[in-house]
Amino acid sequence: MQRFMDEKDCGEFLVSSRELDSFELAIKTARSKADVGEVLRIYDLPEENFVGSFPDLAKSVQDLPDEDSLRA
């Protein structure tokens with residue numbers, strides 16, 4: 001699978017396919033860029049590594065609002 005090739009580029013950030021699946025689900029269900037930032041913080045993954053290792057996920061984040069409008 002193509003996505004597991006990216007796992008090597010993540011170094012110590014994501015160490016198992018289960019953790020990778022959980023990470024991808026959290027990013028795909030994020031409602032705002034702030035939520036994505038929180039996911040990256042939880043997984044201790046710098047933004048630069050996220051963009052470099054997961055370019056498709058990073059592109060999908062670009063269309064999210066900065067803040068979750070439902071929280072206001």
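Just for the range 23-59: of the residues that are of a type in the set (Gly, Ala, Ser) and surrounded by 14 or more Cβ atoms within 10 Å (Cβ to Cβ), which one is modelled with the lowest pLDDT?
Top of the filtered list is Ser53.
The combined condition, being open to solvent by less than 90 Å² (accessible area, probe 1.4 Å), modelled with pLDDT under 95 and either assigned to a helix (DSSP H, G or I) or of a type in the set (Asp, Glu) (or both), is not fulfilled by Phe13. Selection of first residues in the range 42-60 that are farther than 13 Å from Lys28 by Cβ and aliphatic (A, V, I, L, M) and of second residues that are outside any loop (DSSP other than H, G, I, E, B) and open to solvent by less than 70 Å² (accessible area, probe 1.4 Å), restricted to Cβ pairs under 7 Å at least 6 apart or on distinct chains, gives the following pairs, ordered by first then second residue: Val51/Ala58.
The values are calculated or read from the model by the stated rules, or taken from the named source; none is laboratory data. Please read these numbers as outputs of a predicted model, since none were measured by experiment. FYI the Cβ positions are ideal-geometry reconstructions off the backbone, even for glycines, and counts take in every protein chain you see. The area values use the complete protein model at the heavy-atom level, side chains included, leaving out ligands, DNA and RNA. Shrake-Rupley method; radii C 1.70, N 1.55, O 1.52, S 1.80 Å.
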